[in-house]
Amino acid sequence: MRQLIAGNWKMNGLRADSLALARALAAGLEQPAGCDVLVCPPATVLAAVADALAGGGVMVGGQDCHPEPSGACTGDVSAPMLRDAGAGWVILGHSERRLGYGESNALVQEKARAAVAAGLTPIVCVGETEQQRLSGNAETVVAAQIDGSLPPGFAGVVAYEPVWAIGTGRTASEDDIVAMHRCIRSQLTETLGEAGAGLRILYGGSVKPAGAAALLALPGVGGALVGGASLVAADFLGIVRAAG
Ligand code: PGA
């Protein structure tokens, strides 16, 4: 399956810089990329970015959604709203939400159902904290996140993002990445059956153009979820090119 390179812009970007970044990506991808390319801008600029990228090779997604399609939920954004704004994808269960807002596996699973119902492809994030890794529990924690966060019949993408590697400039060792991706694959087939065998598993956490080719060549790595480097067009395009 083609690799997926997904940019998570997080809470960065006003209208002008977001559109400039989107246009720079579109211009840099005049040749069709050898992988799938996605950017996930803040909700406020999602529609404008989706319009700017329409018809090109870059897809657009949201960064989170509420489990309900509409209602009395001040400040939240629903899956149908993301779809309506031009998104085809949504990131769910990012560690900044799991840890910062106490999002449980059960809530992430509800959101994944809502996303699918609205026609979005979910990217469900999992990953251990540094303490969980040091205490030898990384695989147990991640397997439980997979088991608890994916609804039956899940046909989206899983992103493995060790919490301690996000935004820190540290990346997991190649051996640890391969071992965890193998563990995730086996949990996916246990939770989802045969369908779990073909899902893409991304790696995320301080992915930069320099190490991208080696990372993306590792067995089991189906792409990358990129934060900081996705805010600089040349860096994100460098990672896209590293994917083929
Ligand atoms: P980073 O973020 O690339 O800045 O480490 C990755 C993410 O949080 O998805």
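From the residues in the range 218-244 that are under 21 Å from residue 126 (Cα atoms) and open to solvent by 30 Å² or more (accessible area, probe 1.4 Å), which one is nearest to the chain's Cα centre (by Cα)?
228
Looking at (1) outside any helix (DSSP H, G or I); (2) more than 30 Å from residue 51 (Cβ to Cβ), find the lone condition where residue 91 falls short.
Only one criterion is unmet by residue 91, namely (2).
Filter the range 86-102 for residues that are surrounded by 20 or more Cβ atoms within 10 Å (Cβ to Cβ) and more than 13 Å from the ligand (Cβ to nearest atom); which is farthest from residue 150 (Cα to Cα)?
By that ranking, first place goes to 87.
What is the number of the single condition among (1) acidic (Asp, Glu); (2) surrounded by fewer than 17 Cβ atoms within 10 Å (Cβ to Cβ); (3) closer than 23 Å to residue 40 by Cβ that residue 128 does not meet?
Among (1) acidic (Asp, Glu); (2) surrounded by fewer than 17 Cβ atoms within 10 Å (Cβ to Cβ); (3) closer than 23 Å to residue 40 by Cβ, the lone unmet condition for residue 128 is (2).
Open to solvent by 50 Å² or more (accessible area, probe 1.4 Å), touching a residue at least 40 places away in the same chain (Cβ under 8 Å) and acidic (Asp, Glu), is that true of residue 68?
Criteria met by residue 68.
Taking interchain pairs and intrachain pairs at least six residues apart, which have beta carbon atoms under 7 angstrom, with the first residue in the range 140-153 and among the charged types (D, E, K, R) and the second open to solvent by 20 Å² or more (accessible area, probe 1.4 Å)?
Close Cβ pairs satisfying both conditions: 147/187; 147/191.
Would you confirm whether any residue within the range 75-94 is free of Cβ contacts under 8 Å to residues at least 24 places away in the same chain, of a type outside the set (A, V, I, L, M) and over 26 Å from residue 23 (Cβ atoms)?
Yes: the range 75-94 contains one or more residues that are free of Cβ contacts under 8 Å to residues at least 24 places away in the same chain, of a type outside the set (A, V, I, L, M) and over 26 Å from residue 23 (Cβ atoms).
The values are calculated or read from the model by the stated rules, or taken from the named source; none is laboratory data. What you see is a predicted model, and the numbers here were worked out from it, not measured in a lab. Cβ: placed from backbone, ideal geometry, glycine included. Neighbour counts: every protein chain shown. Surface areas here come from the heavy atoms of the whole protein model, side chains and all, with no ligands, DNA or RNA. Shrake-Rupley method; radii C 1.70, N 1.55, O 1.52, S 1.80 Å.
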